[in-house]
Amino acid sequence: MKLILSIICLLVSSSVYAQQVVLLYGDSVPNSIPSKIQEATSESGGIKRVGQVTNPSMNVYMPEKGKSNGSAVIIFPGGGYQYEAYEIEGTWIAEAFVKHGTTGIVVRYRLPSDSTMRDKSIGPVQDAQQAVKVVRQHAIEWNLDTTKIGIMGFSAGGHLASTAGTHFDTAFVPNKENINLRPDFMILIYPVISMTDKLTHAGSRKALLGDNPSQPQIDFFSNELHVTDQTPPTYLMHAGDDKTVDPDNSISFYEALRHHNVPAELVVIPKGGHGFAARFKPEDWMDPLFSWMKSNGWMK
């Protein structure tokens, strides 16, 4: 049975870019339990959201034929592991990458839920690993270089991305093909990194690990503790006046990367607060990121 159950080609009304919608799994979603819950979309404060995802998928935005530089960024929107800000931290970002020749891939991942999963703590990272796997499986079809596959996450989506980037040696999804699950680079924007009392975003920790997580759970999902020499090169961006997710999340991760000689760049803007992607246009804050990607050969 093929992993991809269906691929639907369409033209996005808000964009000139061709898009493919790809289901992450085939005949069964791992770690799931039967449920009548259905995916739902909503809007709050002008922010379009998606939630209650049970059959995860990804939207693949591709550059025009002949304009691809071979790289791809797999994007995980934030929302405290309670919803996904799918537009401002997803489709807008993917379209910005496409303008620079990079394929942008927005994932609708499962949010932690005891009603839909046997172990809600690993559901999101399973989908993150599966996304990396599926993108590499489609590399030839999508004109991608398998050594230029990165991941990007915002807020709690940054925690998910950093989990995938620090725990790639443990396969949470079936991988008999032995496909490389390590992202080639990471982009973390105002990310939740740690589950420790000192640094964590309480809402994200509660959603992922419950009210009373064990110390081993806290340690396992505190990603600053799992940086090694093999952790992918990382770009971090945070606002110094972020009152929701402490900037020390990014700083502690950067310090761990630095001590392991992992190439990393940390950009701290003085003002912007949490979720500045909702208030700034992508071109207002992404240029330093594009420069970083160009300097590392992931973007022309």
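The values are calculated or read from the model by the stated rules, or taken from the named source; none is laboratory data. It should be emphasised that the depicted structure is a prediction, and the values quoted were computed from it without experimental measurement. All Cβ positions, glycine included, derive from the backbone under ideal geometry; neighbour counts span all protein chains shown.
For the range 21-34, which positions are closer than 22 Å to Glu89 by Cα and surrounded by fewer than 18 Cβ atoms within 10 Å (Cβ to Cβ)?
Val21
When Ile151, Ile140, Ile193 are checked against the criterion of being under 20 Å from Thr102 (Cα atoms), of a type in the set (A, V, I, L, M) and assigned to a loop (DSSP other than H, G, I, E, B), a single residue qualifies: Ile140. Given the condition under 21 Å from Glu141 (Cβ atoms), modelled with pLDDT under 95 and loosely packed, with under 14 Cβ neighbours inside 10 Å, answer yes or no: does some residue in the range 35-53 qualify? No; the residues of the range 35-53 include none that is under 21 Å from Glu141 (Cβ atoms), modelled with pLDDT under 95 and loosely packed, with under 14 Cβ neighbours inside 10 Å. For the range 24-75, the set of residues classified as aliphatic (A, V, I, L, M) and within 23 Å of Phe185 (Cα to Cα) consists of Leu24, Met58, Val60, Met62, Ala72, Val73, Ile74, Ile75, listed by residue number. Within the range 161-176, identify whether any single residue is within 30 Å of Asp287 (Cβ to Cβ), surrounded by 24 or more Cβ atoms within 10 Å (Cβ to Cβ) and of a type in the set (A, V, I, L, M, F, W, C), and answer yes or no. There is at least one residue in the range 161-176 that is within 30 Å of Asp287 (Cβ to Cβ), surrounded by 24 or more Cβ atoms within 10 Å (Cβ to Cβ) and of a type in the set (A, V, I, L, M, F, W, C). Restricted to the range 137-159, and to residues there that are surrounded by 24 or more Cβ atoms within 10 Å (Cβ to Cβ) and among the β-branched types (Val, Ile, Thr), the residue that is nearest to Ser222 (Cα to Cα) is Ile151.
Scanning the range 162-178 for residues that are among the hydrophobic types (A, V, I, L, M, F, W, C) and part of a loop (DSSP other than H, G, I, E, B), we see that the one that is nearest to the chain's Cα centre (by Cα) is Phe168. Is the range 114-122 home to any residue that is of a type in the set (Gly, Ala, Ser), over 14 Å from Leu208 (Cβ atoms), touching a residue at least 24 places away in the same chain (Cβ under 8 Å) and buried (at least 21 other Cβ atoms within 10 Å of the Cβ)? No, that holds for no residue.
Do you know which residues across the range 27-40 are touching a residue at least 40 places away in the same chain (Cβ under 8 Å) and polar (S, T, N, Q)? Selection gives Asn31, Ser32, Ser35. Remark: pairs (first residue in the range 137-153, among the charged types (D, E, K, R); second residue buried (at least 17 other Cβ atoms within 10 Å of the Cβ); Cβ separation under 6 Å; 6+ apart in sequence or on different chains) = Asp145/Gly70; Lys148/Gly70; Lys148/Ser71; Lys148/Asp184; Lys148/Trp298.
Among the listed residues Ser204, Ser250, Ser222, which satisfies the condition of being of a type in the set (Gly, Ala, Ser), crowded, with 16+ Cβ neighbours inside 10 Å and in contact with a strand residue (DSSP E or B) (Cβ under 9 Å, 6 or more places away or on another chain)?
Of the residues listed, the single one that is of a type in the set (Gly, Ala, Ser), crowded, with 16+ Cβ neighbours inside 10 Å and in contact with a strand residue (DSSP E or B) (Cβ under 9 Å, 6 or more places away or on another chain) is Ser250.
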